[in-house]
Amino acid sequence: MAKANPLVALGVPQSEIEDAIQNAAEAKAAKRDLAKKMVAHAKGESPVDHGDYAAAWYVDEDRRGNVRIVNDNFKAHWIEDGTGGSSPTPEFAVAAKTAIAFGGTAGDVINKPRK
């Protein structure tokens, strides 16, 4: 037999608790779905002559359900920000354009790996 939820004794109906749990699962699913759309957008913005870079976009989710889109290709930083020198790579700003397309800003882009 299941143990009674102590929040019910404090006046929180079991139905409200179950709704909160369901909504949390729905929110996590919605974040995953949005992140998948952002990955598709980033792949579409990626330069075609760097196919391995475009293919490296994916959704990363931590244990708490926080999601982010990631490109860990070794040249991602160069393609995002551009390079200098005698044969410079232009700044493609794929992550920044993707963030802006989905209501964010270029400042929302984290351009370093998670530790």
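Here are the numbers for this structure:
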| item | result |
| --- | --- |
| Scope region 29-62; condition of a type in the set (G, A, S) and closer than 16 Å to K97 by Cα; matching residues | A35, A40, A42, G44, S46, A54 |
| Among residues of region 38-52, those that are modelled with pLDDT of 90 or more, surrounded by fewer than 15 Cβ atoms within 10 Å (Cβ to Cβ) and of a type in the set (D, E, K, R), counted | 1 |
| Answer from G104, G84 - the residue that is within 13 Å of the chain's Cα centre (by Cα) and in a loop (DSSP other than H, G, I, E, B) | G104 |
| Given (1) touching a strand residue (DSSP E or B) at 6+ places or on another chain (Cβ under 7 Å); (2) closer than 20 Å to A106 by Cβ, number of the condition W78 does not satisfy | (1) |
| Residues of region 53-68 satisfying the condition of being exposed (fewer than 10 other Cβ atoms within 10 Å of the Cβ) and either outside any loop (DSSP other than H, G, I, E, B) or touching a Phe, Trp or Tyr at 6+ places or on another chain (Cβ under 8 Å) (or both) | none |
| Residues of region 25-54 classified as among the polar types (S, T, N, Q) and closer than 14 Å to R68 by Cα, total | 0 |
| Qualifying position, being closer than 20 Å to K31 by Cα and not β-branched (V, I, T), among A54, A76, A101 | A101 |
| Cβ-Cβ under 9 Å pairs, at least 6 apart or on other chains, region 94-115 side under 17 Å from W57 (Cα atoms), far side among the polar types (S, T, N, Q) and modelled with pLDDT under 90 | A95/N111; A96/T105; A99/T105 |
| Every residue from region 26-73 that is farther than 18 Å from A95 by Cβ and among the basic types (K, R) | K28, R32, R63, R64 |
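Quick grid of which residues meet (1) under 18 Å from A106 (Cα atoms); (2) small (G, A, S):
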| residue | (1), (2) |
| --- | --- |
| L7 | no, no |
| S15 | no, yes |
| K28 | no, no |
| K43 | yes, no |
| P47 | no, no |
| R68 | yes, no |
| G85 | no, yes |
| P90 | yes, no |
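The values are calculated or read from the model by the stated rules, or taken from the named source; none is laboratory data. Computed from a predicted structure; not experimentally measured. Methodologically, a virtual Cβ is constructed for each residue, glycine included, from the backbone with ideal geometry; neighbour enumeration extends over all protein chains shown.
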